[in-house]
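Take a look at the structure below.
The values are calculated or read from the model by the stated rules, or taken from the named source; none is laboratory data. All values derive from a computational prediction rather than experimental measurement. Heads up, the Cβs are rebuilt from the backbone with ideal geometry, glycines too, and the neighbour counts pull from every protein chain shown. For the accessible areas, the whole protein counts, side chains as well, though only heavy atoms, and no ligand, DNA or RNA atoms are used. Shrake-Rupley method; radii C 1.70, N 1.55, O 1.52, S 1.80 Å.
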Amino acid sequence: MADFMEQVQTVLTNLSAEILLFGGAFLLQFFLFGNVLWPWRKKGKGKASKKLDPSSSLSKQEVETTLEATEAAFEQGDHRTVLRKWGTLQRAGDVPAQTLVQVVESMQRLRKDRSFILAEVKGLVLKSTVAQSVEYMNDLLTPLTKSLDAGLISSLLSVFSKVGVQPDSRTYDILIHLHFATRSFEEVKDLAKHMREADLQPTQRTTLVMLKTFLQEGCLSEALQCYSELPDLPKHVGTQLVEIACRDRRLHDILPRLASGQIPMTTDSLNLMLNEALRSGQPEVAKKALDLAEQQGVEKNSRTYSLLVRSEVDTTEVRKWLNEVSATGQVDPIVSQAVLEVCTRTGDVQLAESLAALLKPDENSQAPAFMALIRFYTEAGKPEKALELYDSLVHKVDGKPSQRPPIDGRTKHCILTAASSCHRQDIAEELHEADPMRGVAMMRGCSKSNDLDGVLSLLDGPGKLPSTAWNIALDTCVENGELEKAKMLAKRMKDAGVMDVVSY
């Protein structure tokens, strides 16, 4: 019983100590965090508020000193000091736009989020009468656009709009250049539309940016309007307008401006119009463009002559353009190609002869024109002229060709056909020696069609064929059941020394 009472006494003693500790903690928390000291805290806060009253916080000299210190810290890259000075400047009420720009840039450098920056700017704008003007807003936005943060700029505009500040021409100029720099062309077009709806006149700088945007987006009507408002533009801008008009099939909208000289005519513009006239089948447009070019003294280039030749139906006019080209001393390959297309379409051999007289065999760039003329003469039934061109094209030393341009398969076939018609075995031998595998290919073709006579005739050709060709001929004889011819052919192969394992 005595032990039990001792245990009860011990429990009560410990419990009393814990109750005392709990009560002490409760009283301490009540005095520290409760409302007991609120009157004294409120009185202290009132004293602090009275101390921070802007009317008595900073003198004019202190404000100027703080502004100088802020600028010096910003130039030194000490952005934390800039923010500390900003806390002091907020008590001054009015802050110059240049200083506010430095503060915002320092906040960005210190990775402050956009909401924090907007809250700081908004606090100043709401209490500062100086900041509530469009001039102040423009002075703030102009340097901030260098960061290309369009979201921040848009949010700042909304802050100023809440105090009744509306954008002016300079504001639109700032925004248009910002969105053009970020390649946001749709935003530029929307801003240009809103600017005109607000009856605000854009500056020449803004109009130039709008013109570049409309050219980029292919908006012809808007681009023409901007173009008419800008003096002394480079000629290539007019060429871009002509290109858009051709692409949109709206040459009729731009021809009066070209005729009046508002848009200068250039060689590139002439070529664009000729190409569009050729595409759409409107020869009157080509004639009009050519007349305008002659009136303004625009020179023609090889592309121009190529388009003129392609657009002509009468070969007399083609000869006229060809003679005009020859006066320059050299016929460009694209002009030659255009003339050859007309020759093929009309079958005019005399026109082809006029072109051939202007070509120079020593010019490697004119080799394709020679090949095309060779094909034309052969297909037109003039094999002797085709071989004459081939002889002029191949330079020979001691009767052997020393230089031969690459010859495609179709041209080679035409040369062989012309050589066969004119009994020129020397040319046939040259071509076979130059390309012995062509005979193999021809022999395979005859073998597939079971043309035994054609296969054997190729063996009797002027060129020396490899053993592959002889084996094809031997296999063709066996496949057609001509064993006697196969034995005779095997004997010829043995005498010629072309028998191999495949032959046996």
task = State whether the range 287-342 is rounded, prolate or oblate according to the following rule on the C-alpha gyration tensor (a ≥ b ≥ c being the square roots of its eigenvalues): a/c under 1.5 gives rounded; otherwise a/b larger than b/c gives prolate, and the remaining case gives oblate.
result = oblate
request  = For LYS235, list the aspartates and glutamates whose Cα falls under 12 Å from its own Cα; do not include residues on the same chain fewer than 8 positions away.
outcome  = ASP268
Total charge dipole magnitude, the range 111-242, about the Cα centre, Cβ charges on Lys, Arg, Asp, Glu only, Debye to nearest 20 = 420 debye
query = By the gyration tensor of its Cα atoms, with a ≥ b ≥ c the square roots of the eigenvalues, what is the shape of the range 327-369: rounded for a/c under 1.5, prolate for a/b over b/c, or oblate?
reply = prolate
key: Net charge over other residues, Cβ less than 15 angstrom from the Cβ of LYS112 (K, R count +1; D, E count -1)   = +2
query = Under unit Cβ charges (Lys, Arg +1; Asp, Glu -1), what dipole magnitude, rounded to 20 debye, does the range 165-215 have relative to its Cα centre?
reply = 220 debye
Candidates per chymotrypsin sites (Phe, Trp or Tyr not before Pro) in the range 70-163, loop by DSSP, up to 11 other Cβ within 10 Å = none
note = trypsin sites (Lys or Arg not before Pro) in the range 135-222 lying in a DSSP loop, each with at most 12 other Cβ atoms within 10 Å of its Cβ, come to LYS162, ARG183
Cα gyration tensor shape for the range 112-200, rounded if a/c is under 1.5, else prolate or oblate = oblate
request  = Lys and Arg at +1, Asp and Glu at -1: add these up for the other residues within a Cβ distance under 15 Å of GLN201 and post the number.
outcome  = -1
query = Per residue and in Å³, how big is the convex hull formed by the alpha-carbon atoms of the range 157-245?
reply = 92 Å³
message = Quick check: at a probe of 1.4 Å, how many percent of the accessible area of the range 254-375 sits on carbon and sulfur atoms?
response = 47 percent
query = Can you flag which of LYS385/LYS412; LYS360/LYS382; LYS85/LYS122 are past 26 Å Cα-Cα?
reply = none
